[in-house]
1. Take the alpha carbon atoms of the stretch 217-270, find their center, do the same for the stretch 93-109, and report the distance between the two centers in whole angstrom.
2. Output the relative contact order of the chain, whole-number percent, from Cα pairs under 8 angstrom with separation of 6+ residues.
3. So if we plug the beta-carbon distance of Ala155 and Asn244 into 1/(1 + (r/R0)^6) with R0 = 45 Å, what FRET efficiency do we get, rounded to 0.05?
4. Could you tell me whether the stretch 174-268 comes out rounded, prolate or oblate from its Cα gyration tensor? Rule is a ≥ b ≥ c as square roots of the eigenvalues, rounded for a/c under 1.5, then prolate if a/b exceeds b/c, otherwise oblate.
5. Going down the table (Lys44/Lys157; Lys166/Lys256; Lys44/Lys87; Lys29/Lys170; Lys222/Lys260), which pairs top 21 Å between alpha carbons?
6. Whole angstrom only: what separates the Cα centroid of the stretch 47-84 from the Cα centroid of the stretch 132-191?
7. Under a crude label model (7 Å from the Cα following the beta-carbon direction), how far is Ser141 from Glu77 in nanometres?
8. Would you calculate the separation in nanometres between label points at Glu220 and Ser184, each defined as 7 Å from the Cα along the Cα-to-beta-carbon direction?
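Readers should treat all values here as calculations from the given coordinates under stated rules, not as data from a laboratory. Nothing here was measured: the structure is a model prediction, and the numbers come from that model. Here Cβ is always computed from backbone atoms with ideal geometry, including for glycine, and neighbour counts include all displayed protein chains.
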Amino acid sequence: MKSLFAAFILSGTAVAENPLAVTLVSEAKAIAPGETFNVGLHLKPPAGFHTYWKHPGIVGLATTVDWTLPPGFSAGEIQWPAPQAVKMARYTAQGYRDEALLIVPITAPKELSQTPVTLTARASWMCCGDQCHPASRVPFSITLPIASSTTADPATKPLFDRFREKVSQKDDAWKVEVARHPGSIQLTLTSKQPQLTRDVSELGALRFFTADGQVDSDGEQKVTRGPGQQIRIELAVSKESPTNATALPGVIVASKSWRKDAPSTALELP
């Protein structure tokens, strides 16, 4: 698979203009000492192009962000919105055909001077369509004033609210069981609280996205529902799968929310 990565990267270097629109945005218009606020890398691919999730699957490169922050500031992990199945040549990978906001929590130190602070990020990504367009360590920065309390920016908060709902969530209302067989994995989910969870017949199309490469993103996924509030998904094991895995990290994306009273369509496996 390494040769496949290299071929895509080389094809992208021949194209000078990268088609992906990328901006660094802040949910806060002012920040306060000791408080956590959110910034986001906003990715907008043109029609026919896609970017990649934190694990791209069989082919592709995940978007990464390296931070240069003022003393005392710290950045958390990216909060990834639910991925989509994307096509690169004949391969099915894991990414975003649509726009995506990669949300990152930033925590300020307890003591700050009354001067604006500048956050700098270097982002790397792969944007693919009929060709792939890599970008490495592209600099972005944002400057924010200091206030007595963190203040939301009305211009960007709706964007953050919309993508927060797309971030995968763990849910103890679903029992998760993993059975391993030669060449395949059977994933079984059973509702432990049917009064809270959506009926399995109403969830619509389901797809599992691997977070560590155990599952072949290009392989067939066979979904069986029932008996009762139970779902079984047969998954193809990847050739790159770890041999000593004890869990199956990933996300199952449904067409409708997993709970009757919550918006999340992406169920994160423990």
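1. 22 Å
2. It comes to 19 percent, rounded to a whole number.
3. Given R0 = 45 Å and the Cβ-Cβ separation, E is 0.40.
4. Prolate shape, in that a/c is at least 1.5 and a/b is the bigger ratio.
5. Pairs exceeding 21 Å: Lys29/Lys170; Lys222/Lys260.
6. Value for the Cα centre distance between the two parts: 10 Å.
7. For Ser141 paired with Glu77, the spin-label model returns 3.0 nm.
8. For the pair Glu220/Ser184, the computed spacing is 0.9 nm.
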